[in-house]
Each structure stands twice: as structure tokens, then as C-alpha cells.
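The values are calculated or read from the model by the stated rules, or taken from the named source; none is laboratory data. No experiment lies behind these values; they were computed from the predicted model shown. Don't worry about glycine lacking a Cβ; one is built from the backbone with ideal geometry, like all the others, and counts go over all protein chains shown. With ligands, DNA and RNA removed, areas are computed over all heavy atoms of the protein, side chains included. Shrake-Rupley method; radii C 1.70, N 1.55, O 1.52, S 1.80 Å.
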Amino acid sequence: MRSVWKAMLTYLKLQIENLKLVSTEKSAILMSTCVVAVVFGILMAFALLFISIGLVLLLATALPVFWCFIIMGGVYIVAGIIVYFMRTTLVTNPIARFLSRLFLDEPNAENDNKNTI
């Protein structure tokens, strides 16, 4: 009877250790994905800024500069409205799928190779 309790205690300790390791791994994957997304977002913002300046300068060859900036502002307003109305499809669903796949799916060898940092 004593060996059964000892085995159960060992099993419980191993399960706690496994929980620690899995939660650490999943937290690291989540944080690294967030950092990559932020860096990518910053780089895309700079690219969009330079592309916008280039388009304004291109439009300025045919229109007054003031109207070129108004047109670019309008393009961004339209893009913002489109993103707002499609926010579930573009933002919420991909984030929910990523988090559910990360935290709810059972780990296996195929997923472990794909999610390594």
C-alpha cells in the first residue's frame, strides 16, 4: 500500500513538473509571437509612411500638394472603415484561432517541430 502512495506522489510531482514546462513553453511562444508582430507592425508602419510620401509627391506633379494630402488622408479613412467593419474576420478570428491552437491543442511531435523558436 505504501508503494502505491509513493508512486501516486511521484506521478503527481511529474504532472506538476510537466505543467510547468508546458506553460513555460507556451508562454515563450506567445511572447515571441507578440514581439515579432510588434516589430513587423513598426516596420510596416514605416514602409506605409514612405509609400504615402512617395504617392503624395507623385500626385503633386498633377495636383496641388494640399489636395494630395487630402486624398491620401481619404484613402486612410476608407482603409480604416474597411478594417473596422471587417475586424472580426481580420483581427479577432485569427487571434482566437492562434490562442486556441496554442493553449487547447494537445502537444505532439508534429506541432512541436513546427512551433520551435
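Computed values, structure above
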{"quantity": "Full-extension gain in nm, residue 97 to residue 79, via 0.36 nm per residue minus C-alpha separation", "calculated": "4.1 nm"}
{"quantity": "Carbon plus sulfur fraction of accessible area for the chain, probe 1.4 Å, in percent", "calculated": "75 percent"}
{"quantity": "On Cα atoms only, tilt of 65-85 relative to the major axis of the chain in degrees", "calculated": "30 degrees"}
{"quantity": "Residue-span extension gain [residue 57 to residue 8] - 0.36 nm each, minus C-alpha spacing", "calculated": "10.4 nm"}
{"quantity": "Tilt relative to the chain, helix 93-104 - C-alpha long axis, 0 to 90 degrees, to 10", "calculated": "10 degrees"}
{"quantity": "Surface accessible to a 1.4 Å probe, residue 4 within the full protein complex, Å²", "calculated": "80 Å²"}
{"quantity": "Between 0 and 90°, nearest 10: helix 2-59 axis offset from the chain longest Cα axis", "calculated": "10 degrees"}
{"quantity": "Relative packing of 41-47, 29-35, which averages over residues the other C-beta atoms within 10 Å, highest first", "calculated": "29-35, 41-47"}
{"quantity": "Accessible area of residue 84 in the full protein assembly, 1.4 Å probe (Å², nearest 10)", "calculated": "120 Å²"}
{"quantity": "Computed helical MRE - 222 nm, the chain, DSSP H runs ≥ 4 contributing -39500 (n - 2.57), nearest 500", "calculated": "-29500 deg cm²/dmol"}
{"quantity": "Where the stretch 49-89 is the region considered: accessible area per residue in Å², 1.4 Å probe", "calculated": "79 Å²"}
{"quantity": "Rounded to the nearest 10 Å², the accessible area of residue 53 at probe 1.4 Å", "calculated": "80 Å²"}
